[in-house]
């Protein structure tokens with residue numbers, strides 16, 4: 001004698017519904033009630049529709065010197081906000097668990113891993129990403145140039161996060177020796193193994209940035 005239930009005997013509404021079907025069903029109900037038009041329901045991307053369903057929250061943040069105001073899903077990470085909403089894809093989604101450092105950005109001058117930072121924590125704060133490092137005259141930041149000079153990159157996937165962490169390492173006063181650099185850059189992984197070049201690049205840029 002079995003105690004389980006044959007899935008085929010369940011009514012259609014009891015079967016599993018995936019995320020897309022759920023959101024579209026919510027939009028259909030909204031359209032029927034007049035909350036949105038049928039055309040709007042069809043036109044909205046699923047992610048945007050889910051955001052409406054869960055209740056978007058206003059967010060005001062300065063990104064690379066530009067004031068941005070938008071509405072975000074409360075579950076959105078800073079990384080997804082930058083990449084998916086603002087088109088700033090420099091910060092990379094590596095592990096998505098805060099373990100590789102590929103998504104490192106600066107918030108109010110301090111380095112953070114953006115994959116673990118809720119977007120709503122950026123309210124009223126200043127965010128700097130790799131895209132904002134280039135100077136107005138088009139020249140590179142000393143750290144960017146140092147990475148080039150010392151071949152401190154191979155595939156390049158981790159490089160934006162490495163550079164943002166490296167600048168923070170210098171600004172924090174932790175670039176006085178190779179040993180100290182290694183310690184304070186240990187949260188940023190390079191699967192290509194370009195660590196010697198990275199350490200040398202930070203040492204060079206530290207002198208140019210005036211903070212050794």
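In the stretch 202-212, of all residues being out of contact with any helix residue (DSSP H, G or I) (no Cβ under 6 Å at 6 or more places or on another chain) and modelled with pLDDT under 95, the one that is farthest from residue 110 (Cα to Cα) corresponds to 207. Might you let me know whether the stretch 90-100 holds any residue that is under 15 Å from residue 64 (Cα atoms), touching a residue at least 24 places away in the same chain (Cβ under 8 Å) and surrounded by 15 or more Cβ atoms within 10 Å (Cβ to Cβ)? So far as the stretch 90-100 goes, yes, one or more of its residues are under 15 Å from residue 64 (Cα atoms), touching a residue at least 24 places away in the same chain (Cβ under 8 Å) and surrounded by 15 or more Cβ atoms within 10 Å (Cβ to Cβ).
Being surrounded by fewer than 22 Cβ atoms within 10 Å (Cβ to Cβ) and either in contact (Cβ under 8 Å) with a residue 12 or more places away in the chain or not in a helix (DSSP H, G or I) (or both) is the filter here, so list the residues in the stretch 202-212 that pass it. Talk me through it step by step, then tell me what you get.
The first filter runs over the stretch 202-212 and keeps only residues surrounded by fewer than 22 Cβ atoms within 10 Å (Cβ to Cβ), leaving 203-204, 207-212.
Listed by number, the residues that qualify are 203, 204, 208, 209, 210, 211, 212.
Among the residues of the stretch 126-135, is there at least one that is more than 25 Å from residue 189 (Cα to Cα), outside the structural domain of residue 174 (by TED's automatic domain parsing), surrounded by fewer than 18 Cβ atoms within 10 Å (Cβ to Cβ) and at pLDDT 95 or above? Checking the stretch 126-135: at least one residue is more than 25 Å from residue 189 (Cα to Cα), outside the structural domain of residue 174 (by TED's automatic domain parsing), surrounded by fewer than 18 Cβ atoms within 10 Å (Cβ to Cβ) and at pLDDT 95 or above. If the condition is being under 21 Å from residue 106 (Cβ atoms), surrounded by fewer than 18 Cβ atoms within 10 Å (Cβ to Cβ) and without any contact (Cβ under 8 Å) to a residue 60 or more places away in the chain, then the stretch 183-201 contributes 183, 186. Kindly check whether there is at least one residue in the stretch 155-173 that is in contact with a helix residue (DSSP H, G or I) (Cβ under 6 Å, 6 or more places away or on another chain), buried (at least 19 other Cβ atoms within 10 Å of the Cβ) and part of a loop (DSSP other than H, G, I, E, B). Within the stretch 155-173, none of the residues are in contact with a helix residue (DSSP H, G or I) (Cβ under 6 Å, 6 or more places away or on another chain), buried (at least 19 other Cβ atoms within 10 Å of the Cβ) and part of a loop (DSSP other than H, G, I, E, B).
The values are calculated or read from the model by the stated rules, or taken from the named source; none is laboratory data. Given the structure is predicted, the values throughout are model-derived calculations rather than measurements. Reconstructed Cβ throughout: ideal geometry from the backbone, glycine too, with neighbour counts over all protein chains shown.
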